[in-house]
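Q: One structure, as structure tokens, below. Some questions next.
The values are calculated or read from the model by the stated rules, or taken from the named source; none is laboratory data. Nothing here was measured: the structure is a model prediction, and the numbers come from that model. In this analysis, Cβ positions are derived from the backbone assuming ideal geometry, glycine residues included, and neighbour counts consider all displayed protein chains. All accessible areas refer to the heavy atoms of the entire protein, side chains included, with ligands and DNA or RNA removed. Shrake-Rupley method; radii C 1.70, N 1.55, O 1.52, S 1.80 Å.
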Amino acid sequence: MTTKTVLITGASSGFGRDLAPAFLKAGWTVLATMRNASGRAELFNDDLAKWPDRLFVSSLDVADERERAAIAEFIDAKFDSKLDCLVNNAGYGVFGALEDLSEEQIRRQMEVNFFGLVVLTQRLLPQIRNAGGRVINISSVLGYLGMPLSSLYCASKFAVEGLSEALYYELRPHGVQVALVEPGAYRTEFSTNQIYGERTEDDNSKYRNQFKSFKRYRQARSSGPGKSISSVTEAVVKLAEAHRMPMRVRCGKDAKLAYLVKRLFPSSIQRAIMSKTYDNMFSSREEQSGSA
């Protein structure tokens with residue numbers, strides 16, 4: 001029996017790294033892609049030993065047209081121009097006040113998190129359509145909730161949300177399903193891969209104290225035990241195997257609570273709740289006492 005095939009971007013870490021074995025255990029053939037795969041293929045040594053005929057590890061920088069073309073050609077040659085599922089997981093975060101980000105950082109954030117996802121999906125849609133397949137985009141709670149000092153990351157995920165909702169309806173008549181997975185805060189390598197604005201810690205930055213509190217908050221969230229990411233990987237595999245995918249799936253109590261606030265309260269109350277929440281999250285005794 002021919003197994004279904006899934007391509008996962010950003011498979012070297014975070015959700016992507018756990019998604020590969022999760023799909024393999026479910027009986028899928030997996031094309032695990034990442035930047036510079038030749039230098040990190042050992043990450044999958046155990047999986048390759050277990051599933052040598054169903055796991056393929058390949059380089060794919062979603063922002064590189066040559067690598068996007070190469071992966072499409074690989075699917076044509078190896079899988080008869082059919083791809084059952086594309087999981088757009090690759091991405092990273094750049095954080096800091098907008099004024100403190102460089103133009104290069106701004107453009108690169110959108111290039112990887114949004115434009116790379118767009119053009120890769122566009123490139124692979126013929127193969128996905130041939131298989132009557134599906135597209136699963138990994139978004140974030142920050143895809144529907146703005147957070148201070150996270151404006152570019154939020155912008156990239158808000159853009160993914162709009163794209164995905166439009167494609168949900170656009171591709172439905174062609175037998176292609178589209179879904180969004182919106183995780184809250186989970187303990188992954190995301191925090192170690194994040195980038196801060198070039199001028200965030202400059203002495204003359206108007207946002208210096210805000211950023212110091214924000215950075216302490218993020219460091220606290222990335223230390224110690226965290227939530228298992230299994231609920232996210234399970235949700236993605238379940239979506240891929242569902243007869244009919246819903247448009248959105250939220251993972252984590254924080255993501256679900258934030259959605260309820262957005263849905264149930266008038267905008268004025270939403271703003272009051274979130275302003276108080278962010279004040280508490282990013283406050284410190286040091287700043288309350290007025291010291292730098």
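Q: Between a residue in region 229-254 that is farther than 18 Å from N88 by Cβ and open to solvent by less than 50 Å² (accessible area, probe 1.4 Å) and any residue that is part of a loop (DSSP other than H, G, I, E, B) and among the aliphatic types (A, V, I, L, M), which pairs come within a Cβ distance under 9 Å, given they are 6 or more apart or on different chains?
A: Short answer, once both residue conditions are applied: G252/A185.
Q: Looking at (1) at pLDDT 95 or above; (2) closer than 26 Å to E234 by Cβ, can you tell me which one G14 breaks?
A: Going through the list (1) at pLDDT 95 or above; (2) closer than 26 Å to E234 by Cβ, G14 breaks only (1).
Q: May I ask you to say which residue of A20, A11, A32 is crowded, with 24+ Cβ neighbours inside 10 Å and assigned to a strand (DSSP E or B)?
A: A32
Q: Just give me the residues in region 128-144 being crowded, with 22+ Cβ neighbours inside 10 Å and out of contact with any Lys or Arg (no Cβ under 6 Å at 6 or more places or on another chain), in sequence order.
A: The answer is I128, G133, R134, V135, I136, N137, I138, V141.
Q: Can you tell me how many residues in region 71-93 are assigned to a loop (DSSP other than H, G, I, E, B), of a type in the set (D, E) and open to solvent by 40 Å² or more (accessible area, probe 1.4 Å)? Full working, then the answer.
A: Taking region 71-93 and keeping what is assigned to a loop (DSSP other than H, G, I, E, B), we get 79-84, 89-93.
Now narrow it down to the ones that are of a type in the set (D, E): 80, 84.
Checking the rest, the ones that are also open to solvent by 40 Å² or more (accessible area, probe 1.4 Å) come to 80.
Total satisfying the criteria: 1.
Q: Suppose the filter is open to solvent by less than 30 Å² (accessible area, probe 1.4 Å), touching a strand residue (DSSP E or B) at 6+ places or on another chain (Cβ under 8 Å), of a type in the set (G, A, S) and under 30 Å from L24 (Cβ atoms); does G96 pass it?
A: Details: open to solvent by less than 30 Å² (accessible area, probe 1.4 Å): yes; touching a strand residue (DSSP E or B) at 6+ places or on another chain (Cβ under 8 Å): yes; of a type in the set (G, A, S): yes; under 30 Å from L24 (Cβ atoms): no.
No; evaluated as a whole, the condition is false for this residue.
Q: Right, something else. Suppose the filter is assigned to a loop (DSSP other than H, G, I, E, B) and surrounded by fewer than 21 Cβ atoms within 10 Å (Cβ to Cβ); does D61 pass it?
A: Working: assigned to a loop (DSSP other than H, G, I, E, B): yes; surrounded by fewer than 21 Cβ atoms within 10 Å (Cβ to Cβ): yes.
Spelling it out, D61 is indeed assigned to a loop (DSSP other than H, G, I, E, B) and surrounded by fewer than 21 Cβ atoms within 10 Å (Cβ to Cβ).
Q: Mind telling me which of the residues P148, P173 ends up being closer than 21 Å to E99 by Cβ and open to solvent by 40 Å² or more (accessible area, probe 1.4 Å)? Working first, answer last.
A: Values: P173 fails: closer than 21 Å to E99 by Cβ.
Just one listed residue meets the conditions, P148.
Q: Checking S205 against (1) among the polar types (S, T, N, Q); (2) farther than 23 Å from R108 by Cβ; (3) at pLDDT 90 or above, which single condition isn't satisfied?
A: (2)
Q: How many of the residues making up region 147-167 are without any contact (Cβ under 8 Å) to a residue 24 or more places away in the chain and either among the β-branched types (V, I, T) or part of a loop (DSSP other than H, G, I, E, B) (or both)?
A: Adding up the residues that qualify gives 0.
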